[in-house]
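Read the structure below first, then the notes.
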Amino acid sequence: MAPLAPVSTERDLRLDLFRGLALWLIFLDHIPSNAVSWITIRNYGFSDATEIFVFISGYTAAFVYGRAMDQHGFVVSSARVLKRAWQIYIAHVFLFAIYLAEIAYVAHSFDNPLYTEEMGVLDFLKEPDITILQALLLKFKPVNMDVLPLYIVLLAWFPPILWLLRRAPSTALIASAAFYSLTWWFDWNIPAYPKGVWLFNPFAWQMLFVFGAWCALGGAQRLSRWIDSPVVISLAAFYLAFAFFITMGWYFPRLAALVPKFVNDIIYPIDKTNLDVLRILHFLSLAVITIWFVPRDWPALKSPVAWPAIVCGQHSLETFCLGVFLSFAGHFVFTEISNGLPTQVAVSLAGIAIMVGAAALVSWYKRVERRGPGPRPPAATPSYAGGAG
Amino acid sequence: MKRLALLLALLPLAGMAMAEQPAECLVAQTQLEQAFPLHRVTAAIAAKKLNVLVVGAGSSTLPGANGAKTAYPARLQKALAELLPGVAVKVTADVKAGRTAAEMVKTLEKPLADAKPALMIWQTGTVDAMQAVDADQFSQALDQGINIARSAGADVILVNSQYSPRTESMIALTTYADNMRWVALQHDVPLFNRFEIMKLWADLGTFDLTGAANKLDIAARVHNCVAWLLADLVNEAAKQGGPQTEAVKPGAGN
């Protein structure tokens, strides 16, 4: 089969827009008991912002590193992918340090008889040596810090997958799906500390990442005939409605009583760890409907209204890490100052504003760097020499 | 009213005049909506004898010398006795801190055999979340526990984790709360949503749950309210559970 090149050289702004929105939703969901998180999609269906983030990350990784592979060959582009994984690892460790500080504060200021059991979670502070080592090994992962380790593993594997995707895209996609199935069959996962397994099983979630990459390398065009068909669009709409109804039953038990028993037996439990098929279908349905509503050349994509989300999506690592930090900070404000509704709204909006501001700053800095003085090899010139890995 | 509730919670309870449900609990009654009847409880109430077994971990207890008396299992007996006049109510507790759902299931048969309950109230989830037990295994443990209780002749009510604002960013409860909800739906088991109830109290300022200080009186009032709302849930679900067709048909006189 002929190798597939990236279809278009111009960046699809929809990817940045929706990745930016996903980052906002992840931030809102990560602040515990945040009333504003009622607007996030996880309350209205099976999938949540994580699926959007992983899919788009796969898409953009293939787009960016695929081009690098064209220009500089396998070895150089692989080195870049691994450098990115390393950056994410550093970011994760940095966030862990902040998390430790928060925990240590809570541990020495908290003594409520209602929560003797819950306070046991602070016991790991008694063995900081083991805890920190396990955190460096990515086995000990605090709450809401599971996405970056997943991302690290996905990127670390990515070079050979990208290589295969460019030579035999269908084979790569089938291999990825087969690996996903085997993972379900044999219960593969990475062990966590002190017990259990990774909350986001990389062996399962890789499928969405690879699917995103496959779409970037021409798959999306192949699918476009299907995506536009009224049958697929109606199926997607129907599935979204079904998921909505089921989800509402979680909050209104009388509604849940209307669901026949055999349906419950089929759908539950909806496995987030192993990326349940119901979640994939929900994400795909959302994607189909979204593409139908938002064409690639949608004028609003270039308007100032869309800019805040787009700029966040374009600097996703920075924005994501900042979001994790801000959700810690937001929770801190809730417990120490106030958790009234006005505070919750204010904290949510302020958090998003800070994310946008920081992303704009990063964007400005990168522009300055690119323009800056000093001898720099022009990145746009293909240099094939020595790149034949 | 609040001072009355406080007094009641702290005084030795035996032989006290009948207490009423403290008004402060009532705001959370909206959270009790559920759609699954408890047929065995209905039958037990009709027979004027209701045995209840509370199975739980640390959040079903309170520390201190009076802990056992002020924690919700003991208070539940009072509340039920009052809601069901003429019925001999006996609440037994199989409660020990630090147990996961699977650990409770392992030792479930003995307390069931001893107490012969018509109802098992099962509080779990927090320890599983703290230890990050595989969600699938948690789900399976719940399945097993419900089946064991039912084959021992008891209906089941599940109770989820407490709302604990200060540890919320350290214990990832969502996965376990979701799985518990799903298991409850699959088995037609009422779920006592302790998390949302306590969160509502915190949001409305009924109880200050963010306070870091050691305040046993508030803890006792919270447990008392949990007991009263649980009693309400039992009572309502029992009212829905009219005579079960196949079980009652032969000898039912009325």
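Go through region A:246-266 and report how many residues are facing another protein chain (nearest Cβ under 8 Å) and either surrounded by 14 or more Cβ atoms within 10 Å (Cβ to Cβ) or over 15 Å from B:GLN31 (Cα atoms) (or both). Talk me through it step by step, then tell me what you get.
Step one: of region A:246-266, the residues facing another protein chain (nearest Cβ under 8 Å) are A:249-250, A:252-254, A:256-257, A:259, A:261, A:264-265.
Next, from what is left, pick out any that are either surrounded by 14 or more Cβ atoms within 10 Å (Cβ to Cβ) or over 15 Å from B:GLN31 (Cα atoms) (or both): A:249-250, A:253, A:256-257, A:259, A:261, A:264-265.
The number of residues fulfilling the criteria is 9.
Since A:PHE27 meets every condition but one in (1) buried (at least 20 other Cβ atoms within 10 Å of the Cβ); (2) in contact with a Leu (Cβ under 7 Å, 6 or more places away or on another chain); (3) assigned by TED's automatic domain parsing to the domain that holds A:ALA172, which condition does it not meet?
Going through (1) buried (at least 20 other Cβ atoms within 10 Å of the Cβ); (2) in contact with a Leu (Cβ under 7 Å, 6 or more places away or on another chain); (3) assigned by TED's automatic domain parsing to the domain that holds A:ALA172 one by one, A:PHE27 breaks only (3).
Can you spot a residue in region A:235-242 that is aromatic (Phe, Trp, Tyr) and at pLDDT below 95?
Step one: of region A:235-242, the residues aromatic (Phe, Trp, Tyr) are A:238-239, A:242.
Adding the requirement that they be at pLDDT below 95 leaves none.
The answer is no, given that none of the residues of region A:235-242 is aromatic (Phe, Trp, Tyr) and at pLDDT below 95.
Please specify each residue of region B:101-135 satisfying the condition of being assigned to a helix (DSSP H, G or I), closer than 30 Å to A:PHE200 by Cβ and away from chain A (no Cβ under 14 Å). Before the answer, list the steps.
So the first thing to find is which residues in region B:101-135 are assigned to a helix (DSSP H, G or I), and the list is B:101-106, B:109-115, B:126-130, B:135.
Next, only the ones that are closer than 30 Å to A:PHE200 by Cβ stay: B:101-106, B:126-130, B:135.
Residues satisfying the conditions are B:VAL105, B:LYS106.
Using the structure shown, decide if A:LEU286 is within 17 Å of the chain's Cα centre (by Cα) and away from chain B (no Cβ under 14 Å). First the steps, then the outcome.
Values: within 17 Å of the chain's Cα centre (by Cα): yes; away from chain B (no Cβ under 14 Å): yes.
Against the criterion (within 17 Å of the chain's Cα centre (by Cα) and away from chain B (no Cβ under 14 Å)), A:LEU286 qualifies.
Tally time: how many residues in region B:180-192 are out of contact with any Asp or Glu (no Cβ under 9 Å at 6 or more places or on another chain) and more than 9 Å from chain A (Cβ to nearest Cβ)? Let's see the steps before the verdict.
Taking region B:180-192 as the starting set, the residues that turn out to be out of contact with any Asp or Glu (no Cβ under 9 Å at 6 or more places or on another chain) are B:180-182, B:184-185, B:188, B:191-192.
In the following step, the residues that additionally are more than 9 Å from chain A (Cβ to nearest Cβ) were identified as B:180, B:192.
Summing the residues that are out of contact with any Asp or Glu (no Cβ under 9 Å at 6 or more places or on another chain) and more than 9 Å from chain A (Cβ to nearest Cβ) in region B:180-192 gives 2.
This table checks each residue for (1) more than 25 Å from the chain's Cα centre (by Cα); (2) assigned to a helix (DSSP H, G or I); (3) within 14 Å of another protein chain (Cβ to nearest Cβ); (4) modelled with pLDDT under 95.
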residue: A:TYR99; (1), (2), (3), (4): no, yes, yes, yes
residue: A:ASP111; (1), (2), (3), (4): yes, no, yes, yes
residue: A:VAL121; (1), (2), (3), (4): yes, yes, yes, yes
residue: A:GLN134; (1), (2), (3), (4): no, yes, yes, yes
residue: A:PRO149; (1), (2), (3), (4): no, yes, yes, no
residue: A:ILE152; (1), (2), (3), (4): no, yes, no, no
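Output the residue which, of all residues in region B:193-207 that are more than 8 Å from chain A (Cβ to nearest Cβ) and assigned to a helix (DSSP H, G or I), is modelled with the lowest pLDDT.
Here is the first cut: in region B:193-207, the ones more than 8 Å from chain A (Cβ to nearest Cβ) are B:193-198, B:200-201, B:204-207.
Cutting the leftovers down to assigned to a helix (DSSP H, G or I) gives us B:194-198, B:200-201, B:204.
Values: B:ARG194: 96, B:PHE195: 95, B:GLU196: 93, B:ILE197: 94, B:MET198: 94, B:LEU200: 91, B:TRP201: 91, B:LEU204: 87.
Selected residue: B:LEU204.
For region A:209-235, which residues satisfy the criterion of being under 25 Å from the mean Cα position of the chain (by Cα) and either over 30 Å from A:PHE158 (Cα atoms) or within 14 Å of another protein chain (Cβ to nearest Cβ) (or both)?
Hit for region A:209-235 is A:ILE233, nothing else.
Looking at region A:257-370, what helices (runs of 4 or more DSSP H) fall wholly within it and have at least 3 residues that are touching a residue at least 60 places away in the same chain (Cβ under 8 Å)? Walk me through it before giving the result.
Working: elements: A:261-267, A:277-293, A:307-314, A:316-336.
By residue number, A:277-293, A:307-314, A:316-336.
Counting only residues that are touching a Lys or Arg at 6+ places or on another chain (Cβ under 9 Å) and hydrophobic (A, V, I, L, M, F, W, C), which one in region B:142-158 is farthest from the other protein chains (Cβ to nearest Cβ)?
The residue in question is B:ALA152.
Can you name the residue in region B:163-176 that is part of a helix (DSSP H, G or I) and surrounded by 19 or more Cβ atoms within 10 Å (Cβ to Cβ) and is also farthest from the other protein chains (Cβ to nearest Cβ) among such residues? Outline the logic, then answer.
Residues of region B:163-176 part of a helix (DSSP H, G or I): B:165-167, B:174-176.
Still in the running and surrounded by 19 or more Cβ atoms within 10 Å (Cβ to Cβ): B:165-167, B:175-176.
Values: B:PRO165: 5, B:ARG166: 5, B:THR167: 4, B:THR175: 7, B:TYR176: 11 Å.
Going through the qualifying residues, I end up with B:TYR176.
Is it the case that some residue within region A:21-41 is in a helix (DSSP H, G or I), more than 30 Å from B:GLU196 (Cβ to Cβ) and at pLDDT 95 or above?
Step one: list which residues in region A:21-41 are in a helix (DSSP H, G or I), which gives A:21-30, A:35-39, A:41.
Filter once more, so that each one left must be more than 30 Å from B:GLU196 (Cβ to Cβ): none.
Scanning region A:21-41, I find no residue that is in a helix (DSSP H, G or I), more than 30 Å from B:GLU196 (Cβ to Cβ) and at pLDDT 95 or above, so the answer is no.
Quick one: how many residues across region B:208-228 are more than 9 Å from chain A (Cβ to nearest Cβ) and either surrounded by fewer than 23 Cβ atoms within 10 Å (Cβ to Cβ) or assigned to a loop (DSSP other than H, G, I, E, B) (or both)?
First pass over region B:208-228, keeping only residues more than 9 Å from chain A (Cβ to nearest Cβ): B:208, B:217, B:221, B:224-228.
After this cut, where a residue has to be either surrounded by fewer than 23 Cβ atoms within 10 Å (Cβ to Cβ) or assigned to a loop (DSSP other than H, G, I, E, B) (or both) as well, the list is B:208, B:217.
Here the count works out to 2.
The values are calculated or read from the model by the stated rules, or taken from the named source; none is laboratory data. This one's a predicted model, so the numbers in the text were calculated from it and none came from an experiment. We place every Cβ from the backbone using ideal geometry, glycine too, and count neighbours over all the protein chains shown.
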